[in-house]
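Visitor: This is the structure, below, for whatever I ask next.
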Amino acid sequence: MLKALSDEPSEVLEYSYLVRGGGSCRYRLARAEVELGLPDKCSLEWLENSFHSDIDSVAADAGCWLSILHRDSGLPFIERAVELMPEEEFYRSLFIDKLIEAGLLEEAIFHFGILKESGISGLSFWQTASSLHEALDDPVGAIESSRRAWEIRMTPSSAADLGWKLYFYGRDMIRDGRMIDAVPPLMESSNLWSNDSLWAVKSDSLLLLINEFMSTSEGYGEPL
């Protein structure tokens with residue numbers, strides 16, 4: 001319920017009396033406090049206190065949410081969460097994402113290797129793999145990883161991630177003069193999720209341009 005109300009922080013706080021522990025509900029309360037600029041941030045303080053708990057799982061959970069709340073300065077929080085709970089896929093995946101954002105690619109590759117060796121291949125694994133491939137300027141690897149994430153959970157967010165990657169890949173190939181090669185990724189993007197999706201609309205536009213070029217360029221080929 002709090003997730004559905006996330007765009008209305010004042011309404012989120014109306015349910016604060018129902019939250020007793022940590023987890024995503026505590027995070028959403030803390031985020032609402034920050035967004036509203038409240039002088040008393042009870043849930044944020046709760047997370048900060050829990051981060052120093054003697055119970056590893058409690059401290060790691062708090063570190064995870066604090067790393068998201070503090071964004072650019074959140075790396076130390078998720079790093080400690082991984083140290084406390086090294087077997088948790090979500091914590092290490094988030095840590096790798098934070099390392100990528102900080103430009104620490106060698107460390108990100110190292111920790112992704114640990115994640116890969118663990119044999120885990122869930123949604124967060126493939127999302128993290130996609131981010132790492134993208135950071136390493138490997139669009140094909142990023143697309144394939146996003147495609148695996150989409151196959152695991154077909155949601156608007158996973159569709160958007162894959163759809164935009166396909167669109168930008170096709171667009172870049174057109175810019176490099178590789179129009180024919182651009183058609184498959186643009187077609188896949190066009191047919192992903194909904195015809196009204198912005199990535200689909202933009203892909204359709206590029207496909208129309210390719211088709212027009214091919215139909216008017218002598219000797220270039222047949223129209224699509």
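The values are calculated or read from the model by the stated rules, or taken from the named source; none is laboratory data. For clarity, every value in this text was computed on a predicted model and none was experimentally measured. Backbone-built Cβ (ideal geometry, glycine too); neighbour counts: all protein chains shown. Side chains included, ligands, DNA and RNA excluded: accessible areas come from the protein's heavy atoms. Shrake-Rupley method; radii C 1.70, N 1.55, O 1.52, S 1.80 Å.
Visitor: Measure nothing fancy, just the Cα-based angle from helix 123-135's long axis to the longest principal axis of the chain, in degrees from 0 to 90, nearest 10.
Guide: 60
Visitor: Roughly how tilted is helix 105-117, in degrees to the nearest 10 and between 0 and 90, from the longest Cα axis of the chain?
Guide: 80
Visitor: Quick one: pull the percentage of alpha-carbon pairs in region 4-81 with a separation above 14 Å.
Guide: Every Cα pair in region 4-81 considered, those over 14 Å come to 57 percent.
Visitor: Restricting to DSSP H runs of at least four residues, report the calculated mean residue ellipticity at 222 nm for the chain, -39500 (n - 2.57) per run over all residues, nearest 500 deg cm²/dmol.
Guide: Details: 12 runs with 156 residues, N = 224.
About -22000 deg cm²/dmol.
Visitor: Next question, about the same structure. Below 11 angstrom from the Cβ of Ser124, what's the summed charge of the other residues (Lys, Arg +1; Asp, Glu -1)?
Guide: Working: positive: Arg92, Arg153; negative: Glu88, Glu89, Asp97.
Local net charge: -1.
Visitor: Are there trypsin sites (Lys or Arg not before Pro) in region 1-94 that DSSP marks as loop and that have at most 12 other Cβ atoms within 10 Å, and which are they?
Guide: Those that pass, being in a loop and sparsely packed, are Lys3, Arg20.
Visitor: Another question, then. Please list 51-57, 120-126 highest first by mean number of surrounding beta-carbon atoms within 10 Å per residue.
Guide: Highest mean packing first, the order is 120-126, 51-57.
Visitor: Compute the distance from the alpha-carbon center of region 120-151 to that of region 50-104, in whole Å.
Guide: 21
Visitor: Running Debye on region 85-224 with equal point scatterers at the Cα sites and no solvent, what base-10 log of I(q)/I(0) appears at q = 0.12, 0.22 Å⁻¹?
Guide: Reported log10 I(q)/I(0), two decimals: -0.55, -1.22.
Visitor: Can you list the GluC sites (Glu not before Pro) in region 128-224 that are in a DSSP coil and have 15 or fewer other beta carbons within 10 angstrom?
Guide: Glu218
Visitor: Tally Lys and Arg at +1 and Asp and Glu at -1 over the other residues with C-beta under 10 Å from the C-beta of Ala62: what net charge comes out?
Guide: 0
Visitor: Here's a follow-up. Using Cα atoms only, what is the angle between the long axis of helix 23-36 and the major principal axis of the chain, expressed in degrees (0 to 90) to the nearest 10?
Guide: For helix 23-36, the angle is close to 90 degrees.
Visitor: Right, another one. Charges at C-beta only: +1 for Lys and Arg, -1 for Asp and Glu. How large is the resulting dipole of the chain about its Cα centre, in Debye rounded to 20?
Guide: Computed charge dipole of the chain: roughly 280 debye.
Visitor: Can you give the net charge of the other residues whose Cβ lies under 13 Å from the Cβ of Trp199, counting K and R as +1 and D and E as -1?
Guide: My count for the surroundings of Trp199 gives -1.
Visitor: Which loop-located trypsin sites (Lys or Arg not before Pro) does region 117-217 contain, where loop means any DSSP state but H, G, I, E or B and the Cβ has at most 13 other Cβ atoms within 10 Å? The partial results should precede the final answer.
Guide: Details: sites: Arg147, Arg148, Arg153, Lys165, Arg171, Arg175, Arg178, Lys202; in loops: Arg153, Arg178.
Passing sites in region 117-217 are Arg153, Arg178.
Visitor: Carbon-plus-sulfur fraction of the accessible area of the chain, 1.4 Å probe, in percent? Don't skip to the answer; put the middle values down first.
Guide: Details: 6590 of 12580 Å².
Ligands and nucleic acids excluded, carbon and sulfur reach 52 percent.
Visitor: Over region 101-143, what per residue volume does the convex hull of the Cα atoms give, in whole Å³?
Guide: For region 101-143, the hull spanned by Cα atoms encloses 66 Å³ per residue.
Visitor: Among rounded, prolate and oblate, which fits region 135-206 when a ≥ b ≥ c are the square roots of the eigenvalues of its C-alpha gyration tensor, a/c under 1.5 means rounded, and a/b larger than b/c means prolate? Each step should come with its number before you reach the end.
Guide: On the way: a/c = 2.26, a/b = 1.22, b/c = 1.84.
Taking the square roots of the gyration eigenvalues as a ≥ b ≥ c, region 135-206 is oblate.
Visitor: With a 1.4 Å probe and every protein chain left in place, tell me how much accessible area Asp137 has, in Å² to the nearest 10.
Guide: 130
Visitor: Using only Cα positions of region 80-130, each an equal point scatterer, no hydration layer, compute I(q)/I(0) via Debye at q = 0.13, 0.19, 0.30 Å⁻¹ and quote the log10 values to two decimals.
Guide: These q points yield log10 I(q)/I(0) values of -0.24, -0.53, -1.30.
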